[in-house]
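FYI, it's all coordinate maths here, none of it is from the lab. On a predicted model such as this, the values are computed, not experimentally measured, just so you know. As a convention, Cβ positions derive from the backbone with ideal geometry for all residues, glycine included, and neighbour counts pool all protein chains shown.
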Amino acid sequence: MFLLAASYYFYINIKPVYALLLAGVTLTTYLFTNLIAKARSDRSKSLLLTGAVVLTLLPLFFFKYFNFVNEGIFTLLNYTGLHLSLPHLSLLLPVGVSFYTFMALGYTIDVYNEEIEAEKNFGIVALFLSFFPVVMSGPIERAPNMFQQFKGKLQFNYEMVVGGLKLMLWGYFMKLALADRLSIYIDAVFKNADQHVGSSLLLATLMQPIRVYGDLGGYSLIAIGCAKVMGINVIPNFNRPFFATTMSEFWRRWHISLIKWLTDYVYTPLSFAFRRYGVWGIVIALNLTFIISGAWHGAAFNFLVWGFIQGLALSVEMLTRKNKDAFEDRFNLRKRWWYILFGCVFTYLLFAFSLSFGGDAATVPEVLHIFKRIFTDSVHMPYKDGDTMLYGFLAFSIVFLKDFMEEYYPGRVLLFNNKNNTVRWLSYYCVIFLIFYLGIFSGEQFVYFQF
């Protein structure tokens, strides 16, 4: 009850009316899951599931997609000579609605598939959907993991408190020292793209994935750490994504909770539905899944393009995997450092350029114009703010070095987890010092709050 009250107090402080929307989705989820559990026929269960999905998605659709669909429909009507219009509604997207909507849908589908029993305690369901560390930007949690923890007796656990504080400390470094520092340059470039040369646009494009990693990855660590301090384990969300050598591996490391959700509730049912088409059914399912992912990220055509590019890249990898594996085995390439480096760099570049369609450039023509400038402009010094570039590079180097050691030399160099008290505490104080020295404290919002 205390956590539930704290979660709603936290959410109400953003904007009180948003809490009514969250409560409405919660009530819908609670009622329909219990009705589904009591239904005696498959037809009744299917109808109830359909009703639950529609009602749960309704707020998300209205706030996020109404104007997009409205303008699209009337654009098409104008082409036919019918000049009709509805007013453009200036709707502020409720923070976290995309995340708790997916959590509600996942729980409802799990009840329908009889993978979990419908929870009869309304407070447990309400806390699951409003739990304040994850409600605004994830990770997108699952009911089986959270329900049993909420029902258990939460006690003070020293190891979990310390572990949670370590995660939060590193999360603050990633957000304040890395993401917000890089944002100074990236925002300056993309918000005034016409005033910048191709080399500046290229550098901002290449920095964008690092910024999002620091922002959402940092938020995830803060959220996971905060929950851990209270004795609750939340699923991880990132796993050193920039050391992935293929796009399929990248998506097993990046925004893990979202991809796992899409895999379980979108890709798997779609691939089953298209199974009669064989390998091309998998291609269709992959592309539809990532187009849906693009639509989830934003109600604009450029996000759909981003999703299509990801689906296309994964489809090509899937179709060529057999020949690629045979080629790698023939020349023993998987253990060659230069081949691993090539895979990491190629995967990063592919993601970085595709992220332009889901980043700060608002439209597809703007993104294509930026690409044209990148490859046609003359080369100049990209930026003259030495402190911003130096501090950003230093923060990135620290994050990269930490991830590199954990990826290739796990357990070799321990700082936060060193058994020596002096080394461990020096590590804490060094990171705290670097946060204050390199960090930006201007109240920058998290990137994913807009989703």
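Observations on the structure shown:
- Residue list for region 265-306, given a label point 7 angstrom along the Cα-to-Cβ vector of Asp42 and an amide N cut-off under 16 Å: 273
- For region 172-213 versus region 251-281, the spacing of their alpha-carbon centroids is 32 Å.
- Too-long pairs where the Cα-Cα distance tops 31 Å, listed order kept, from Lys45/Lys322; Lys228/Lys419; Lys175/Lys324; Lys166/Lys260; Lys15/Lys120; Lys64/Lys322: Lys45/Lys322; Lys175/Lys324; Lys64/Lys322
- Restricting region 210-285 to chymotrypsin sites (Phe, Trp or Tyr not before Pro) that sit in a DSSP loop and have at most 16 other Cβ atoms within 10 Å of their own Cβ leaves Phe274.
- Annotation: the residues Cys344, Cys226, Cys430, sorted from fewest to most other C-beta atoms within 10 Å of their own C-beta, follow the order Cys430, Cys344, Cys226.
- Using the Cβ-Cβ distance between Ala5 and Phe274 with R0 = 35 Å, the FRET efficiency computed as 1/(1 + (r/R0)^6) comes to roughly 0.15.
- Loop sites in region 262-354: trypsin sites (Lys or Arg not before Pro), DSSP, at most 14 other Cβ within 10 Å: Arg336
- Note: relative contact order over the chain, using C-alpha pairs below 8 Å and six or more positions apart, is 19 percent.
- Cα-Cα separations in region 160-438 greater than 26 Å, expressed as whole percent: 51 percent
- Estimated dipole of the chain in Debye, rounded to 20 [Cβ of Lys and Arg +1, of Asp and Glu -1, Cα centre]: 920 debye
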